[in-house]
Every structure is written in structure tokens, then in C-alpha cells.
Amino acid sequence: MTDVTTAMDDAYEAQFGDYFALLKPRVMTLVVFTALVGMLVAPVLPHPFVTLSAILFIAVGGGASGALNMWWDADIDAVMKRTRKRPIPSGRVTGQEALAIGLALSGFSVAMLGLATNWAAAALLAFTIFFYVVVYSMWLKRSTPQNIVIGGAAGAFPPMIGWVAATGSVSLESVLMFSLIFLWTPPHFWALALFMRSDYDDAGVPMLTVTHGRPATRRHIFAYTAVLAAFAVWLGFTAAGGPVYLVTAVALNAWFLKGAWEILRRDEGMAEADNYRAEKAFFRFSLLYLFVHFGALLADAVLRTYGVFA
Amino acid sequence: MIRAEHELHRRRRSRNFGVGLVLVALIGVVFGLTVVKVRQLGEMQAFDSVVRPEILPGERDEK
């Protein structure tokens with residue numbers, strides 16, 4: 001070995017996959033699915049190629065906000081076990097590279113969505129990126145225990161962007177689809193926080209379980225689930241919903257409310273005695289909850305297309 | 001000894017290949033969008049891209 005090869009070994013050069021990991025591909029799948037449903041349930045559907053392109057640009061916009069979030073939160077990510085292997089804390093990509101990629105892809109995705117569909121959808125995508133990076137990551141994540149609620153809003157925009165990309169305007173249906181994700185996020189994460197010893201403490205991120213205690217977190221989970229159930233069923237009575245969605249929403253929300261009620265009635269002693277059985281069951285169910293709701297919306301849209309229930 | 005094929009070159013090749021694929025895909029998307037948008041222009045005269053009032057649906061119905 002010469003000095004040259006030794007020097008080459010020391011300097012790690014990022015691979016394509018490292019840059020792709022900056023875009024948070026797992027989060028992107030939820031963005032793609034909900035944005036696609038938002039577009040397909042709209043009363044007017046653009047050309048299929050335009051629809052696919054719009055979904056792609058929304059996904060790239062979501063990925064860009066993920067890269068900017070990783071750039072800003074690199075210090076927190078390095079402390080927490082769950083995020084320690086991300087590209088920046090593990091040294092595979094520099095913070096400056098993540099910032100450059102995030103900014104470039106943000107501009108690209110907003111401009112392309114505007115050209116492919118309309119500028120209202122592009123403006124909403126730009127606002128979503130701004131909201132996630134500036135309002136959530138930079139401003140409120142480290143200063144308020146309601147950070148989960150605010151972060152949930154950023155994740156709730158994709159179906160609304162999809163709807164606006166198809167129709168050109170915001171409507172009740174798109175607001176209700178937004179509410180579905182927005183109100184689902186807090187119970188989902190707080191249930192996880194109850195049974196996982198979170199390492200957010202070490203990173204200095206305030207979580208409700210720590211700042212307000214576990215009994216307060218249980219009350220919050222029930223309150224959000226009750227409001228969520230009302231909004232989820234309401235969506236079934238709009239033009240975006242249908243019989244499949246309505247039946248699904250009533251059944252799923254009854255089950256979800258029952259789970260939240262169980263969590264509310266329990267204290268830490270009961271939870272520890274059965275190793276957080278109810279909290280874990282509620283969390284597992286919440287993973288299915290969103291997917292099945294949006295799947296049911298899609299099923300109704302397909303049935304409408306073929307004239308069933310029309 | 002300097003090896004001709006270093007691990008670094010392999011990593012760079014994967015990155016260059018990925019970027020190349022993304023660029024080709026981007027060309028495809030922009031080309032496809034252009035074709036769709038141009039086809040949706042409808043009754044527009046090709047030679048100067050100006051709408052001819054007499055072929056617009058509203059004008060035609062009035063006649």
C-alpha cells in the first residue's frame with residue numbers, strides 16, 4: 001500500500017444510496033400514497049402522466065424537506081439511538097451537502113409541480129416544506145411538548161396538495177383528509193412514547209410524557225382520538241367518501257376509540273403489570289389505521305369510476 | 001503499488017450511475033409532460049400559436 005491508497009481509504013465518499021437516504025424514503029412512501037389518493041378521489045382527474053409526475057414532484061418535495069430536517073437536526077440525530085446511523089451523524093454525507101441537496105430539490109419540486117399542474121398546488125408544497133423545516137424543525141420542535149402535533153401538520157399536507165393539483169383549489173374534502181392525518185399523528189406517537197423509553201430526553205427535545213407526565217399523555221391520546229373519530233366519519237359524508245369508506249371509518253374509529261378509552265383508564269402500575277399490552281395494541285392498530293382509511297377512499301373512487309354506487 | 005481499480009472508483013461509479021439514471025428519468029418526465037401539455041392545447045393554430053376566434057366553441061355556437 002502506498003500513501004496514496006491509504007489517504008483514499010480515509011476519505012469516505014458518499015454513494016448514491018447515502019444521498020437517497022437523506023430524503024427519508026420510508027416517510028416518502030406515506031407521502032406518495034396519501035398524495036395519490038388525494039388526487040384520485042378528486043372530482044376531476046388530470047391526464048395519467050400528469051398525475052404520476054405530480055406525485056413524483058410531491059414526493060421529491062417531501063424528500064427535500066427531509067434532507068433539510070436532517071441538516072438542521074444533525075446534533076440531535078447524533079445523540080439518539082434511532083437516528084445515529086443517518087447519513088450526516090454517521091459521517092457519510094456532510095451537513096453542507098444535505099443543505100445544498102435540500103434547497104435544490106425544494107426549488108426543483110415546487111417549480112416542476114407548478115408547471116405540471118397549477119401554482120396553487122406548488123404554493124402549498126412550498127408552504128409544507130417551509131412549515132416542516134422552519135416552523136417545526138427550527139422553531140417549535142425543541143421548545144414545546146406539542147411538537148408532535150405541529151410535526152403532524154406537515155405530514156398531513158400531501159393529500160391536500162394532491163387534491164389541489166387535480167382541482168386547482170382547496171375544498172372541504174381536502175381539509176378533512178388533512179385533518180385525518182393531522183389528528184392521527186399525536187395519539188400514534190404518544191402511544192409509542194408511553195411504552196418506549198424515549199431518548200428524546202438525552203437530546204433535549206421536550207416530549208409530553210416527560211413535561212406533563214404519563215397520566216396527562218393518556219388524557220391527550222383519548223381527546224385527540226375522540227376528535228379524530230368525528231372528523232374521520234365526517235369525511236365519509238362528503239363527495240370524497242362513499243359506502244366503503246363510511247363503513248370502514250365507523251368500524252375502525254369505534255375500535256380506535258375503545259383502545260384510547262382503555263389507555264385512559266389505566267395507570268402506570270397496570271400498564272407495567274402487563275408490559276404495556278393496551279398501549280402496544282393501540283400503537284400497532286394506529287399503523288394500519290391511516291393506510292386502511294386512505295385505501296377505503298381509493299376503493300370508493302374506483303367503484304365510482306366503474307359506475308357502482310354512482 | 002497503486003491499484004488501477006480502487007474501492008473508491010467503485011463507489012464513484014455507483015454514484016455517477018445513479019445521477020445518470022436520475023437525469024435520464026428527468027428528461028423522460030419533462031418530455032412526457034411536454035407531449036401531454038401540447039396535445040391538450042386543442043384548437044390552436046400551429047403556424048403562429050394564436051387562437052383563431054372563429055374556431056372557439058363559444059363563437060361557433062353563436063353563428
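The values are calculated or read from the model by the stated rules, or taken from the named source; none is laboratory data. As the structure is a computational prediction, the values presented were derived from the model and not from experiment. No Cβ is skipped: glycine too gets one built from the backbone with ideal geometry, and neighbour counts run over all protein chains shown. The accessibility values were calculated without ligands, DNA or RNA, using every heavy atom of the protein model including side chains. Shrake-Rupley method; radii C 1.70, N 1.55, O 1.52, S 1.80 Å.
Quick notes on this one:
- Wholly within the range A:170-246, helices (runs of 4 or more DSSP H) carrying at least 2 residues that are in contact with an Asp or Glu (Cβ under 8 Å, 6 or more places away or on another chain): A:172-195, A:214-235
- Only residues that are closer than 14 Å to A:N118 by Cβ and among the aliphatic types (A, V, I, L, M) were counted in the range A:154-193, giving 6.
- Here A:K81 clears all of (1) more than 14 Å from chain B (Cβ to nearest Cβ); (2) open to solvent by less than 50 Å² (accessible area, probe 1.4 Å) except the condition numbered (2).
- Helices (runs of 4 or more DSSP H) contained entirely in the range A:59-132, each with at least 1 residues that are at negative phi and of a type in the set (D, E, K, R): A:74-79, A:95-116
- The single condition among (1) surrounded by fewer than 23 Cβ atoms within 10 Å (Cβ to Cβ); (2) farther than 25 Å from A:V170 by Cβ that A:L52 does not satisfy is (2).
- Every listed requirement among (1) over 18 Å from A:L180 (Cα atoms); (2) out of contact with any Ser or Thr (no Cβ under 6 Å at 6 or more places or on another chain); (3) at pLDDT below 95 is met by A:W261 save one, (3).
- Test result for A:L22, under 20 Å from the mean Cα position of the chain (by Cα) and either open to solvent by 40 Å² or more (accessible area, probe 1.4 Å) or over 30 Å from B:T34 (Cβ atoms) (or both): no
- Among the residues of the range A:73-110, just one is basic (K, R) and under 18 Å from A:V133 (Cα atoms), namely A:R86.
- Condition check for A:A260: surrounded by 15 or more Cβ atoms within 10 Å (Cβ to Cβ), more than 24 Å from A:T83 (Cβ to Cβ) and touching a residue at least 40 places away in the same chain (Cβ under 8 Å): yes
- The listed residue being open to solvent by 30 Å² or more (accessible area, probe 1.4 Å) and either closer than 27 Å to A:G162 by Cα or not polar (S, T, N, Q) (or both), out of A:A116, A:A122, A:A74, A:A111: A:A111
- Test: residue in the range A:276-292 that is modelled with pLDDT of 95 or more, open to solvent by less than 50 Å² (accessible area, probe 1.4 Å) and among the acidic types (D, E): no
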